[in-house]
Each structure stands twice: as structure tokens, then as C-alpha cells.
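Read through the structure below, which is laid out as C-alpha cells, and then see the notes.
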Amino acid sequence: MSDLVTGDAVVLGLRPARLPSRGLAILLDLAVYVTGYVLISVGLTVATASLDLAAQAAVAVATFLLFLVGVPIAVETLSHGRSLGKLACGLRVVRDDGGPIRFRHALVRGSMGVVELILTFGSIACIASLVSARGRRLGDVFAGTLVVRERVPGTRVMPVPPPPPWLAGRFTGLDLSAVPDGLWLAIRQYLTRMNQLDPQIGATMAVRLADDLVARTGAPPPAGVPAAAFLMAVVHERQTRDAARAFRPAAAGPGAGYAPAPAPAPMPMPMPGTMPVVAPVPYVAPAPAAPVAPVAPVPPVEAPRAGGFAPPA
């Protein structure tokens, strides 16, 4: 992934820079380097005035080689291919796969630049750039780099091309929850600009993006499906799911239609140091009790009289 979409926002499919813009960038860089070399040389001449001629000559040669080779290599390495001249002209040095260059790329370009640009006054670099289909000089060929244009004329955003009809609805059960947003962005950038890429490089990028997508989804790669068509189908499936989720009506919950009773208004709190005013309660007379009917007296119960019958012994 880092080789396809870098942290420095290298956009895939940028246009290769041609000889006029590259020549102007080199002239600007040389002007800056020569100015810095003159200023540093004057300072070193004053600082080394007390040394002998051999030491002064050694310091002068070291300073010349530093500004001739060391400074351009350091600038391209630290700026990831954007020197001052290239930054002013909207150019940048990238690898063949679109990633940022490293020290070894800048070292090869700087070493070859001494021969191409300095010793031959740029004649070899001009011939190589005119002959190359992508405007590369010999340093770019040996280093595996390419100078591209970062500032291109604004164009409208191209939609993602639709997948082939025989792939429609084939990935409805694919789990896309583990796919990060960075990978979706890389796939979209590739699909919208794959026609502008070199066919061989575009096919390699499609395979690597498809492998990353398969590793995230956990599903085995489909047999017989091209990598670019697989990416189109998966992106189309994700867009379909997003559209369905956005326009899906909200389901009514168990409490739909129930409106809670309004909460009672809070009682006003009395001011500190004051007594609350209580409204007088009117007196209500109690209702008269209903008359109770008299209860008849119960006659006394007489004890039974003893008879003359005696039980047998």
C-alpha cells in the first residue's frame, strides 16, 4: 500500500514532465546553488586566509564538490524529489511505481547529473529526454525514477467505471467492514485514472490492490476474474450498499407514537431571607352524617328448667 498511495499524497497517473519545464527547473536550481556556492566560498576564503595554499585549495575543492553533488542529492532526498526549481515549476521526481524517491535514487540521479548536466552542458540530458517516451534522462533510467507534473489543468472528477454485466450482484455477500478508507481511496484513484497509466504499471497496481482487498475481506480471490474488473465490481457493491443505507426509511421502534406526559413545571424557589407566600385555603364544611335506624332490643334468653328424670345408675 505504501508504494501505491504514499503519505506525501503522490497521486497516481500524473503526466510526465517534458524538456522545457525540466530545463527551466534545472536552471532555477543551478542559480540557487551557484549563489549559495559564491556566498559560502567568500566566507571560507576569509576564514581560511591564515592557512597555507594547499589547505585553501583542499577547502575550495571540497566546497565545489559539496555544492556540485552533495547539495542536490541532499535536497532531493529530504524533499522527496521536490527541489526549489521543481517546486516552482510544479514538478516532482517519483519512482516508476509512483512512490517517493529515497537516498539511493537521489544518489544515482546526482552522480549521473554531473556527467549529463555539468560536464556536457546538458547536451546528453536533452538528447535522452527527447528520445525517451516519458522524457527521462539517463539518470532517471538508471535510478528507476520519473519526473512528473504535480500541477495539471483542473478536470472534472471522473466516476468509477461500471463493472462488467456478468459481475453484477456477484459480491453481495462480501464482508467489506474491515476495508480501510485509505484502500478505498487508492482503488478509486486507480479506477478513475487507469487509462492514463502505462499498461504494464497499471496491471501491476491492479493486482496489488486486488490482493490487499482480498486480504482485508478474508474471501478467496475469484477465479478467472481480472483484477481491474474485480475492483470495479467491489466498488460498485460498496456504492450500492451506501446508497441503500442512505435512503432506507427508519424503522418504527416499539415506542413509536407514544408521547410522554409533559413534566410539571418546577416550583419557584423563594429568595434567600424571605418567607414563601402560601395562598389561603378556603374552609369547606363537612357534610351531615346520615341518620342511623334504631336497633330493636334483644330479649334475654331464659335458662332451661331442670326435669325429674334421673339417668340410671
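The values are calculated or read from the model by the stated rules, or taken from the named source; none is laboratory data. Computed from a predicted structure; not experimentally measured. Backbone-built Cβ (ideal geometry, glycine too); neighbour counts: all protein chains shown. Quick note on the areas: whole protein, heavy atoms, side chains included, nothing else; ligands and nucleic acids left out. Shrake-Rupley method; radii C 1.70, N 1.55, O 1.52, S 1.80 Å.
What number comes out for accessible area per residue over region 17-161 if the probe is 1.4 Å? Units Å², please.
On the way: 8000 Å² over 145 residues.
Value returned for region 17-161: 55 Å² of accessible area per residue.
If R0 is 25 Å, what FRET efficiency do you get for residue 176 and residue 134 from their C-beta distance, rounded to 0.05? Before the final figure, lay out the partial values.
On the way: r = 36 Å, r/R0 = 1.44.
Result of the calculation: an efficiency of 0.10.
Would you work out the Kirkwood radius for region 40-127? I mean one over the mean of 1/r across all pairs of different Cα atoms, in Å. Present the calculation step by step, with values, prior to reporting the outcome.
Numbers: mean 1/r = 0.0674 Å⁻¹.
By the Kirkwood definition, the hydrodynamic radius is 14.8 Å.
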Long-range amide H partners of residue 149 with built H, under 5 Å: 15, 17
Accessible surface of region 68-154, 1.4 Å probe, proportion on carbon and sulfur as whole %: 71 percent
Computed over region 21-175, Cα set: Rg, Dmax in Å: 22.0, 83
Charge dipole (region 110-250, unit charges on Cβ, about Cα centre) - positive-most of 148, 196, 128: 196
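Probe radius 1.4 Å, ligands and nucleic acids ignored: give me the carbon and sulfur share of the accessible area of region 182-242 as a rounded percent. Could you put the intermediate results ahead of the total?
Working: 1610 of 3040 Å².
Heavy-atom surface of region 182-242 belonging to carbon and sulfur, 1.4 Å probe: 53 percent.
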Spin-label pair residue 48/residue 247, simplified geometry with 7 Å Cα→Cβ offset, distance in nm: 7.6 nm
Centroid-to-centroid separation of region 114-143 and region 185-220 [C-alpha atoms, Å]: 32 Å
In nm, spacing of pseudo-spin labels at residue 115 and residue 56 (7 Å Cα→C-beta vector): 3.5 nm
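Give me the Kirkwood hydrodynamic radius of region 96-185, using the inverse of the mean 1/r over all pairs of distinct Cα atoms, in Å to one decimal.
Values: mean 1/r = 0.0580 Å⁻¹.
Value: 17.2 Å, from the Cα pair sum.
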